[in-house]
Amino acid sequence: MASGKCYLEGYGSCAGGISREHYISRNILEFGSTGKAVKIGGLPWQPPSTMQAIGLSSLAAPILCQHHNKSLKPMDTQAGRLMRVLNSIDKVPAKVSAITYVHGPTFERWMLKVFCGLAACGHFNNGFIPREWKEILVGGAWPAFWGAYFPLGFGPVTVSDGLSFETKVHPETREIKAVKFYFFGLHVNLCFGIPGGDYSGQMRWGIRQPRRINFLNEPQCKTIDLMWAGGSGEEVTYVRTGSTNSGPDYLKYFPYDDSA
Ligand SMILES: [Zn+2]
């Protein structure tokens, strides 16, 4: 499936020859070695609504040169950091400091990197990676309305442990217009414009680039500061409503009300 060619060729200079890239970061897949298997769902060859433990080697392909591979590594680092803090807040909150800093803009690009990798391998978008995606990966700005939205709650949501995706595809062009990421209990919509072009309805995708995510478990609150300088400054709060046997159990979330 894979091209054996750097998909960022022409976007900065290639160097070092082609290397195998883990398009779902190695540090996330290897989290399983700590005793808990990381489950992945939503890949095109998986049965619908199924989470499976997937081997390291099957998610790597020769799709980036060594230089580009290395230059994107900070994205893997931030995604791994966010995964570990989410897991700790759920499982060992006493070990988590009140505020943890994760670089949201880098995590946002990591989500895009996952889909560039999947597209480069031909699994999505017929193997086509839009020019805009490549420009963003090498440091370009997100076009208007593009980027990460953290959904507003409409009542309890089901969260799953592990990582899974759902794609929203344009009915005619088959282009991917949005990807819903379920990232270790966190829901993030990565939007490439607004599906259907309904820009007035953008809020249904959630809060764009919120500054903070709070996990409230009275009387304690753990905060992940996403360090978005130009974002909305808004906060998303998850409230613990009870315990479940598996996975994170922050079931409700709502936007923080500043005026209260
Ligand atoms: Zn390259």
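Beta carbons closer than 6 Å, at least 6 apart along the sequence or on distinct chains, pair a first residue in segment 57-74 that is closer than 16 Å to Gly10 by Cβ with a second that is loosely packed, with under 15 Cβ neighbours inside 10 Å for Cys65/Gly16; His67/Ala15; His67/Gly16. Taken over segment 60-70, the criterion of being surrounded by fewer than 21 Cβ atoms within 10 Å (Cβ to Cβ) and closer than 15 Å to Arg26 by Cα is satisfied by Ala60, Pro62, Asn69, Lys70.
If you go through segment 57-114 and pick out every residue that is in contact with a Cys (Cβ under 9 Å, 6 or more places away or on another chain) and within 15 Å of Ile213 (Cα to Cα), you end up with 1. Being more than 16 Å from the ligand (Cβ to nearest atom), open to solvent by less than 60 Å² (accessible area, probe 1.4 Å) and not in a loop (DSSP other than H, G, I, E, B) is not true of Ser57. Scanning segment 3-26 for residues that are modelled with pLDDT under 85 and open to solvent by less than 50 Å² (accessible area, probe 1.4 Å) yields a single hit, Gly4. Listed by position, the helices (runs of 4 or more DSSP H) enclosed by segment 72-178 that each have at least 2 residues that are within 30 Å of Lys5 (Cβ to Cβ) and polar (S, T, N, Q) are 73-91.
Every listed requirement among (1) surrounded by fewer than 21 Cβ atoms within 10 Å (Cβ to Cβ); (2) modelled with pLDDT of 95 or more; (3) away from the ligand (no atom under 16 Å from the Cβ) is met by Trp110 save one, (1).
Taken over segment 203-222, the criterion of being assigned to a loop (DSSP other than H, G, I, E, B) and either open to solvent by 10 Å² or more (accessible area, probe 1.4 Å) or acidic (Asp, Glu) (or both) is satisfied by Gln209, Arg211, Glu218, Pro219.
The values are calculated or read from the model by the stated rules, or taken from the named source; none is laboratory data. These numbers were taken from a predicted model, which means no experiment stands behind them. Note: ideal-geometry Cβ built from the backbone for every residue, glycine included; neighbour counts use all protein chains shown. Calculation scope for accessible area: heavy atoms of the full protein, side chains included, ligands and nucleic acids excluded. Shrake-Rupley method; radii C 1.70, N 1.55, O 1.52, S 1.80 Å.
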